[in-house]
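A short worksheet on the structure shown next.
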Amino acid sequence: MNTRQIDFCIELAHTLNFSRAAENMYASQPTFSYQIKMLEDEVGFQIFDRSSKGVSLTPAGSQFVSHLVSMKDELKRAIEQGQNYSRKYKDSISVCLSVRQSLYFLPEAIRQFAQISPEIQILPSFRYENSVEHFLQNKADILFALKDQTRHIPAIQVHDLFKSRIYLIVNHDDILAKKNMIQEKDLYGRTLMVGGGSPDALRRVQHRLINSGKIEYFNSFDHDTTLTNIAARKGICLSPGFLNDHSGQFAWIPFDCEEHFSCVLCTHKEDQRESLKTFIQLLKKLYQDAVAFPL
């Protein structure tokens, strides 16, 4: 199977018309048809049904094409990274985190690291779900995580980074935005958005509030959905401080509770590269120096 056959197959699955697909791929129809037949012979099953009514995907073909599309995207990224390496970089360090806000100082760390080691590329990788699995499959060199999540991850080194507290997020014109600290009683009678992959410490606070019987609540799918609902004045939310993008769109007020989040970086124990250690130290220093920075 070659890349041209992959492109032909995806295009035919899109158009379901040999003539149009061949034209779109700048190939003659006999050449196009031959390449599709060669591909089917190689994989050992029929990808397309041909009839007098036209072309359609077989059930096996439908599954196959969906994987081809993913494979093509991965191949494109691999080629692009290979081109980057061949032009400038000799090594890379990949950082896996759920959302960009998680490591507010990551861009500054990348900038400073580029001055020290311009031949090494830092590659952020954003995965809202399955970030630990991604890291364990050695697809990332650094994992941003909460310390509680690292207890059962094997063969890692954990680097303490910063502690983050819980904040209430509201619109700036909300009466609660005028407060310097939010108490539980301040939320009575309000609608609180919960869920959306909340960490354990936050869930404990949410459950405590819900069990009071003095608030309304509804489930929100993820953080972006929650922020959208806050902007629409459908509710308010408690959130880890490390999700604050500091754009100023919302008011973030500290919530009075003992719960907090210990944010860490994980690396593979066998990865002892000096460049990796340098980058970790850069990030740690940026957070240590940000004494008055709200986290």
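Worth pointing out:
- For region 201-209, the criterion of being out of contact with any Pro (no Cβ under 7 Å at 6 or more places or on another chain), of a type in the set (Lys, Arg) and free of Cβ contacts under 8 Å to residues at least 24 places away in the same chain is satisfied by at least one residue.
- Filter result for the condition that a residue is at pLDDT 95 or above and over 30 Å from Lys139 (Cβ atoms), over Phe250, Phe218: Phe250
- Selection from region 249-282 of residues that are among the small types (Gly, Ala, Ser) and either surrounded by fewer than 15 Cβ atoms within 10 Å (Cβ to Cβ) or out of contact with any His (no Cβ under 7 Å at 6 or more places or on another chain) (or both): Ser262, Ser275
- Looking only at region 1-20, and only at residues there that are touching a residue at least 24 places away in the same chain (Cβ under 8 Å) and among the charged types (D, E, K, R), the one that is nearest to Thr31 (Cα to Cα): Arg4
- Scanning region 241-260 for residues that are assigned to a strand (DSSP E or B) and out of contact with any Lys or Arg (no Cβ under 7 Å at 6 or more places or on another chain) returns Ala251, Trp252, Phe255.
- Screening region 120-159 for residues that are touching a strand residue (DSSP E or B) at 6+ places or on another chain (Cβ under 7 Å), over 20 Å from Arg273 (Cβ atoms) and not aliphatic (A, V, I, L, M) and picking the one that is surrounded by the most Cβ atoms within 10 Å (Cβ to Cβ) gives Ser131.
The values are calculated or read from the model by the stated rules, or taken from the named source; none is laboratory data. Small disclaimer: the values here were computed from a predicted structure and weren't measured. Virtual Cβ from ideal backbone geometry, glycine too; neighbours counted across all protein chains shown.
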